[in-house]
Amino acid sequence: MLLLRFKREPLIVLGIFFGTFLILSSYLSSSSSSVFHDAWAQSDIQTVKYRNLTLDLGNGVKTNAQISYPAIGKGPFPGVLLVPGSGATDMNSTLNKDVKPFWEIANYLSERGFEVLRYDKRGIGPNLTIQDSNVWGNMTVTDLINDAEKALNVLSEQPDVDPKNMSIVGHSEGTIIVPQVAIDNPTKVKNIVLMGAVAQNLIKDILHYQVVDLRSNYASEVLDVNRTGFVSIDQMASDPLLDDVVVNSSLLNTHSVTNSTLTKDTVENESRNQSNNSGHININIQLKPLLLKEYESKIAFNLAKCDKIIGCPLWIKSEADLEPNLSTIGNVSKSIPILILQGEHDSATPLEQGLLLHQRLDEVNHPDHTLITYPNLGHFFYPSSKWQNGLGPVDPQVLADLYSWLESKSR
């Protein structure tokens with residue numbers, strides 16, 4: 001794990017190598033097994049309570065929200081607002097029935113003294129369901145910023161929350177929204193946290209990286225084992241990162257083939273025409289242009305087309321037109337501490353995004369910013385390869401670091 005901290009002193013770089021694990025191992029080896037028995041026996045004790053809310057987002061749009069808070073005590077508790085990432089994201093940031101990062105974060109923080117509000121994105125219901133396609137389809141990034149500001153106001157008005165002790169945590173696209181909310185509300189926001197941060201433009205740079213750069217590099221570094229510059233079509237067809245290139249006729253139809261399905265033979269013929277290397281495709285000459293076509297098709301402004309994961313055309317255009325985080329984060333008040341958490345194997349918003357934001361904050365002499373990076377963790381802070389983000393519970397060290405930083409800033 002790499003920790004970079006800057007606070008009224010020169011940059012400190014600390015390498016932490018499994019220290020926590022070694023301490024824990026030593027403790028466990030000397031402890032009785034009854035520790036585990038007692039812990040499990042008490043697992044049904046309620047440590048967190050919940051309140052369900054409906055947020056009025058304006059213009060007749062409403063969404064569900066939930067507040068979690070410590071089971072004991074009347075507060076006032078420091079408040080934390082969780083701002084979700086892109087796509088059809090619910091209040092738990094549900095990825096599948098077992099993986100709900102915002103649920104984990106909210107409970108972890110509330111068990112330790114924070115009151116946390118999380119909310120469904122506009123038009124979205126539980127478990128990634130689109131409840132109002134009109135609201136979802138007409139959403140822009142400006143709407144999302146306004147929604148987060150309304151949620152912040154609601155949290156600050158809770159009777160058991162300290163309105164002068166409010167932090168905002170954003171993940172992925174949420175890391176674009178959170179700094180803007182802080183810029184707009186410098187007296188309401190005490191701290192901000194960016195998890196899986198975005199520095200460059202989400203559409204022009206990040207999506208291009210995901211669709212084109214990452215996958216062409218994967219073909220070169222992983223599939224092209226002999227470094228010939230070619231990749232087997234059979235390999236592509238069976239690989240989850242590249243199989244759509246083979247089956248998607250709109251990408252491979254380089255000779256205006258009118259069939260609805262383009263066969264493997266057609267791809268091989270195209271490859272043979274350019275390379276005389278039957279059964280393979282040239283990575284730079286053929287694959288990269290096909291990936292670029294796929295990227296262009298994803299960002300095409302077609303009002304009839306929405307993507308549950310990427311989003312809808314109006315949102316895509318609004319994000320593409322948005323000034324990148326790298327240009328605006330320097331406008332966050334220097335009285336607001338900033339924490340950036342980045343997985344070193346994040347294949348959605350790669351490590352360089354966090355490093356760029358950290359460098360920018362150095363450049364503007366922001367007095368209190370911290371970057372923590374995590375080896376082998378992906379976009380959802382779960383062990384991953386550098387090519388594909390794994391899905392699973394948030395790494396305990398990430399939760400501990402998040403809490404420790406927020407707690408130190410909330411005193």
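Within the stretch 91-183, report the trypsin sites (Lys or Arg not before Pro) that DSSP leaves as loop and that have at most 11 other Cβ atoms within 10 Å.
K97
What is the sum of charges around A219, taking Lys and Arg as +1, Asp and Glu as -1, for the other residues whose C-beta is under 15 Å from the C-beta of A219?
Here the charged neighbours net out to -4.
By counting other Cβ atoms within 10 Å of each Cβ, how are F381, F77 ranked from fewest to most?
F77, F381
Between Y50 and S327, what length comes free when the chain is fully extended (0.36 nm per residue of separation minus the Cα-Cα distance, one decimal in nm)?
95.9 nm
Could you list which residues have their amide H under 5 Å from that of L53, counting only those 5 or more apart in sequence or on another chain, with H placed in the peptide plane?
So L53 has HN proximity to A65, Q66, I67.
Taking amide H positions as placed in the peptide plane 1.01 Å from N, state which residues far from M91 in sequence (5 or more) or on other chains have amide H under 5 Å from it.
The answer is D120, K121.
Cα to Cα, under 21 Å, and not fewer than 8 places away if on the same chain: which lysines meet these conditions relative to K317?
Filter leaves K121, K204, K293, K298, K305, K308.
Hey, which lysines would be in cross-link range of K74, C-alpha to C-alpha under 17 Å, not counting anything within fewer than 8 residues on its own chain?
List returned: K49, K164.
Show me, for the stretch 134-151, the HN-Hα J-couplings you get by feeding each phi into the Karplus relation (A = 6.51, B = -1.76, C = 1.60, θ = phi - 60°), rounded to Hz, glycine and proline as x.
Those phi angles translate into 5, 5, 4, x, 9, 6, 10, 5, 4, 4, 5, 5, 4, 4, 5, 5, 5, 5 Hz.
Can you check what the net charge comes to around T129, using other residues whose Cβ is under 15 Å from the Cβ of T129 (Lys, Arg +1; Asp, Glu -1)?
+2
Less than 17 Å apart at the alpha-carbon level, and either on another chain or at least 8 residues along: which aspartates and glutamates does that give for K409?
Candidates past the 8-residue exclusion: E115, D162, D368, D401.
Peptides 368-380, 213-225, 168-180, 194-206: what's the order by average Cβ count within 10 Å, highest mean first?
168-180, 194-206, 368-380, 213-225
Under 5 Å between amide H atoms, partner at least 5 residues away or on a different chain: which partners does V161 have, H built in plane at 1.01 Å?
The answer is F77.
Determine ³J(HN,Hα), in whole Hz, for all residues of the stretch 347-363 in sequence, where each value follows from phi through the Karplus function 6.51 cos²θ - 1.76 cosθ + 1.60 and θ = phi - 60°; x replaces Gly and Pro.
Here the 3J(HN,Hα) series is 9, 9, 10, x, 3, 4, 5, x, 5, 5, 5, 4, 5, 5, 5, 4, 4 Hz.
Can you put C306, C312 in order, fewest other beta carbons within 10 Å first?
By the 10 Å Cβ count, ascending: C306, C312.
Throughout, read-outs are computed from the coordinates displayed, never taken from laboratory work. As the structure is a prediction and not an experimental result, all values here were calculated from the model. Every residue, glycine among them, receives a Cβ derived from its backbone with ideal geometry; neighbour counts consider all protein chains shown.
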